[in-house]
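The values are calculated or read from the model by the stated rules, or taken from the named source; none is laboratory data. Given the structure is predicted, the values throughout are model-derived calculations rather than measurements. All Cβ positions, even for glycine, are placed from backbone atoms using ideal geometry, and neighbour counts span all protein chains on display.
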């Protein structure tokens, strides 16, 4: 069974090549090279290819041939989001357009006289949202379980702008809990990714795209017990270097973590119905 390892794929050399092309030749040239890189990953990264194929074949009910084609397209779109992240954080944000759908909900959240919660997922490209949103009265802290390898992270920090969003990486020793509590105590905004967990951590189960799947319990237990609004937020890639930001208010009863999870799943399923290629969990999600 494929297991999520907590780190992204790729090498420093690969990032350096794409960064050079982006800055010296242009984005379109980087996208062109990506055609071949995506094919390489499809052919030689068997575990990733197998799991994404199963997503299209069994969860989205694609035909055998369409599942193969969409597996390649998924790898290509994921590569585009990585290229875009480097380009945008390197000062090329004017090459992209952005559309806000529900941004007023985040403004309202920032004006609350208490902490606020947003929950996202590994779909689309939420990390780039920080470069298009206005400065808020409250700082946004993103809790993530996806950490770049140290060498890649060090290189990216040397060629990109300093993030406007603070990142809190989930740790095996649970030390991230103290940072989360600190953020909420300071009445700032915390943003969780609600679709990944470390083995051994507490989980919740629910039906997702026709089969039972496990989700991290923490984001939903914490969010459901706070006396503040909870928003679902995503940034989805569209044609012609266009990004669409979505924010939706979660509907659930206080202290009902399972109800909040089911509302979250319903929201993600709607996003994936519209953007089926942008599911970026490359491991056995429905094991």
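For segment 9-32: of the residues being under 19 Å from residue 74 (Cβ atoms) and surrounded by 15 or more Cβ atoms within 10 Å (Cβ to Cβ), which is modelled with the lowest pLDDT? Explain how you work it out, then say what you get.
From segment 9-32, those under 19 Å from residue 74 (Cβ atoms) are 9-10, 14, 18, 30-32; that's our starting set.
From what is left, the residues that are surrounded by 15 or more Cβ atoms within 10 Å (Cβ to Cβ) are 10, 18, 30-31.
Details: 10: 56, 18: 70, 30: 90, 31: 94.
The selected residue is 10.
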Test: residue in segment 74-86 that is within 20 Å of residue 195 (Cβ to Cβ), part of a helix (DSSP H, G or I) and modelled with pLDDT under 80: no
Filter result (in contact with a strand residue (DSSP E or B) (Cβ under 9 Å, 6 or more places away or on another chain) and in a helix (DSSP H, G or I)) within segment 273-287: 274
Residue in segment 46-69 that is modelled with pLDDT under 90, out of contact with any helix residue (DSSP H, G or I) (no Cβ under 7 Å at 6 or more places or on another chain) and in a helix (DSSP H, G or I) present: no
Hits in segment 251-272 - residues which are over 28 Å from residue 71 (Cβ atoms) and either modelled with pLDDT under 95 or out of contact with any strand residue (DSSP E or B) (no Cβ under 9 Å at 6 or more places or on another chain) (or both): 251, 252, 253, 254, 255, 256, 259
Tabulated pairs, segment 65-78, first touching a residue at least 60 places away in the same chain (Cβ under 8 Å), second part of a helix (DSSP H, G or I), C-beta under 6 angstrom, 6+ apart or interchain: 70/56; 74/52
